[in-house]
1. As a footprinting exposure proxy, order Leu131, Leu191, Leu84 by other Cβ within 10 Å, with the fewest listed first.
2. Glu149 versus Thr63, label points 7 Å from Cα toward the beta carbon: distance in nm?
3. When the Karplus curve 6.51 cos²θ - 1.76 cosθ + 1.60 is applied with θ = phi - 60°, which whole-Hz ³J(HN,Hα) does each residue of segment 181-190 get, with x for Gly and Pro?
4. Could you check the spin-label model distance between Tyr180 and Lys287? Points 7 Å from the Cα along Cα→Cβ, value in nm.
5. Just from its helices, what would the mean residue ellipticity at 222 nm be for the chain, if runs of 4 or more DSSP H residues each count -39500 (n - 2.57) and the sum is divided by every residue, rounded to the nearest 500 deg cm²/dmol?
6. For the chain, with only Lys/Arg (+1) and Asp/Glu (-1) charged at the beta-carbon, what is the dipole magnitude about the Cα centre, in debye rounded to 20?
7. Find, among the GluC sites (Glu not before Pro) in segment 268-325, those assigned to loop by DSSP (not H, G, I, E, B) with at most 12 other beta-carbon atoms within 10 angstrom.
8. In straight Cα distance, which aspartates and glutamates are under 12 Å from Lys225, not counting same-chain residues fewer than 8 positions off?
Amino acid sequence: MKQLLLLFLAIAIVGCKKDEEKPKDYVTFSGKITDKNSDSIIIRNQFYSKTIKVDENGEFSDTLKVETGVYNLFDGAESTNIFLQNGYDVKMTLDTKMFDETIVYEGNGAETNNYLAKKSLMEENLFPPSLFDLEEDEFKTKVSEINKERATFLDKYKSIDSTLYAQEKQSIDGFETEIYNFYVQNKQRELAMAKEFESFIGQPSPEFKNYENYAGGTTSLKDLKGKYVYVDVWATWCGPCKAEIPYLKKVEEEYEGKNIQFVSISVDDGRGYKDRSAEASKEGWKKMIKEEELGGIQLLSDKAWKSDFVTGYKINGIPRFILIDPKGNVVNANAPRPSSPKLIKLFDEQGI
């Protein structure tokens, strides 16, 4: 009887131990956001979405039951990728003033997610905005160089989740063929757009009137007659727009004192700001101009995307660049971006 009781006790202990070691069938996700953009964050992919509340101190904590894979984390203004699988207990910290640069993960699942954060930061400067403006041979050479850097980077993180590692390796193996196909499609699209906007050439430009000027007062297109006007239509939430900023600054510096004005028109309409507030959007516009020390003439569209200037140029995607001559006529309704060598060629053709 004593031996039988000991056996039952042993079975009970082993059973309890197994219950304790049984992996969780959910993710515990917590963290702290400094200078938060919203009172919540969203974890989402094509098939899943969950909103997590962020308190006044920027702290959050919740559980998620997920299918293993990469998800998007959106904080109300910016986003990043995160890899989740049930059983993870991961903590994230970030400062929205330097969003990508400050993301750090701790806990179970940290190594894989720190890889994704560092990869995002690495690739931010790896792809030049003018990549698709290169001629075919230059494009292929540059893409090969980029892919070698991606492969070298991944090789340092062989201990990340095996599923993600395999996906990343597969992405690298097929990258050059995939992006070349996209390059061909992009060239075809460029030709179609050039044909679409051909009718604008030599015609009077759609006008902007009394747009709020960051420097004070208002500015209209007619105020700039007598000089070429290079217009950048952008928004503070637009990643590709922000990627052009350093190139635009360089072009502005090179053409300082010449017969050209550089005008940036923001179509910010509340997107990316709490409650999509127009007032918050305007303050965000002013804040970015100050922090990034943006040059040229900085204007705010009177009706965002619905303004006469924006609709007149059939703008439905940004950034968009336009060159207008000293008489107010259109030179190019879809001009090269500042990062493209084609822009300087266009300026030279105009004798600017």
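1. With the fewest neighbours first, Leu131, Leu191, Leu84 line up as Leu191, Leu131, Leu84.
2. 4.3
3. Each residue of segment 181-190 in turn: 4, 5, 4, 4, 4, 5, 5, 5, 5, 4 Hz.
4. Each label point lies 7 Å from its Cα, and together they span 4.5 nm.
5. Computed ellipticity for the chain at 222 nm equals -12500 deg cm²/dmol.
6. So the dipole magnitude of the chain works out to roughly 580 debye.
7. In loop regions of segment 268-325 (DSSP not H, G, I, E or B), the sparsely surrounded GluC sites (Glu not before Pro) are Glu293.
8. Those aspartates and glutamates meeting the cut-off are Glu207, Asp325.
We did not get these values from a lab; they are worked out from the coordinates using the rules stated. Note that the structure is a prediction, hence the values are computed from the model and not measured. Cβ sites come from the backbone with ideal geometry, for glycine too, and all protein chains shown count toward neighbours.
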